[in-house]
Amino acid sequence: MSSERRPGDAVPPSIGRMVRCDRIADTYDQTFAAYQLLQYDHQVLLGWFDKLGRLIDLGCGTGRTLVEFGRRGFDVTGVDLAPRMLQISREKLDAAGLGGAKLLEGSIADMPLDRLSPPYDYAVCLGATLGYVQGYANRLRAVRQAGALLAPGGQYVFHVQNLLFNLRTPALPFIATGLLKWAVGRGEIGDQVLWRYRGLKWVYMHAFTPGEIERLVRDAGLELVEVHCLRKKCGGPLEGERRRFWRSHGFIVRCRRP
């Protein structure tokens, strides 16, 4: 059933409500100020992106990655579906002296390709943003489009939640709700329905298995370089090899365009 989805189906109604809710954007930085992943993922990227180049952030939110890498000399571009997120990003970029950075409104599964200027050396999709895209066909489209924006040898990095970890946490009821939708032909394994998220009800989020990640990257025509496992508090790499794919809180996935 998922293979029949159209790009327009990529944004579930709950994510559409989130995109239109200015309060979500206005409180984003404050809400996640103490979330360690939002500092650690940049450490990982800086280890991988070892040369200056052109970087596009797919789902740029309030611009944290654009500002971080723009200040370091990267040529940065951001794409996001939420107008208010883009407005905040623009304010931050201007304040950092990065007013020349390009910002575009659009879905990561149906990007405004005619307004972009590939090739890029790096593409990122952080903050579990890929999990907001509904349906395997649409997630594949998002990854394939990201790869098409890259120069040969360019890197694409995305962060996702780990379904196997969530099976052992309080997220299990949300997964069960998603399974009920799957059972009646309205969802996929890995879909979660958060009963309440930042004041919104019934919010969609997809969590991934390692096998799904490998399939997604392969089907998109990219080379899987590394799956970086995160420890529970998202403040660093997961230590030890035993059952690491079960114990990992989430994954930062590094791909390369051949």
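Please determine, by comparing only the residues of the range 10-46 that are among the small types (Gly, Ala, Ser) and in contact (Cβ under 8 Å) with a residue 24 or more places away in the chain, which one is surrounded by the fewest Cβ atoms within 10 Å (Cβ to Cβ).
Ranking the candidates gives Ser14 first.
Determine which member of the set Ala82, Ala25, Ala10 is among the hydrophobic types (A, V, I, L, M, F, W, C) and out of contact with any Asp or Glu (no Cβ under 9 Å at 6 or more places or on another chain).
Ala25
Against the definition (out of contact with any strand residue (DSSP E or B) (no Cβ under 8 Å at 6 or more places or on another chain), touching a residue at least 12 places away in the same chain (Cβ under 8 Å) and either closer than 25 Å to Val225 by Cβ or hydroxyl-bearing (Ser, Thr, Tyr) (or both)), how does Thr77 come out, yes or no?
no
For the range 167-198, enumerate the residues that are out of contact with any Gly (no Cβ under 6 Å at 6 or more places or on another chain), small (Gly, Ala, Ser) and either surrounded by 16 or more Cβ atoms within 10 Å (Cβ to Cβ) or at pLDDT 80 or above (or both).
Once the filter is applied, which keeps residues that are out of contact with any Gly (no Cβ under 6 Å at 6 or more places or on another chain), small (Gly, Ala, Ser) and either surrounded by 16 or more Cβ atoms within 10 Å (Cβ to Cβ) or at pLDDT 80 or above (or both), the range 167-198 yields Ala171, Gly190.
Looking at the range 209-247, which of its residues are under 17 Å from the mean Cα position of the chain (by Cα) and among the hydrophobic types (A, V, I, L, M, F, W, C)?
Listed by number, the residues that qualify are Ile213, Leu216, Val217, Ala220, Leu222, Leu224, Val227, Cys229, Leu230, Cys234.
Name the single residue that is farthest from Tyr35 (Cα to Cα) among those in the range 122-139 being surrounded by fewer than 21 Cβ atoms within 10 Å (Cβ to Cβ) and more than 10 Å from the chain's Cα centre (by Cα).
Applying the filter and picking the extreme gives Ala137.
Name the single residue, out of those in the range 209-228 being touching a residue at least 40 places away in the same chain (Cβ under 8 Å) and of a type in the set (A, V, I, L, M), that is nearest to Arg244 (Cα to Cα).
Going through the qualifying residues, I end up with Ile213.
Looking at the range 93-118 only, could you name the residues that are touching a helix residue (DSSP H, G or I) at 6+ places or on another chain (Cβ under 9 Å), in a loop (DSSP other than H, G, I, E, B) and in contact (Cβ under 8 Å) with a residue 12 or more places away in the chain?
Answer for the range 93-118, where residues must be touching a helix residue (DSSP H, G or I) at 6+ places or on another chain (Cβ under 9 Å), in a loop (DSSP other than H, G, I, E, B) and in contact (Cβ under 8 Å) with a residue 12 or more places away in the chain: Ala96, Leu98, Ala101, Gly106, Ile108, Ala109, Met111, Pro118.
The values are calculated or read from the model by the stated rules, or taken from the named source; none is laboratory data. If you're wondering where the values come from, they're calculated on a predicted model, not measured in any experiment. Virtual Cβ from ideal backbone geometry, glycine too; neighbours counted across all protein chains shown.
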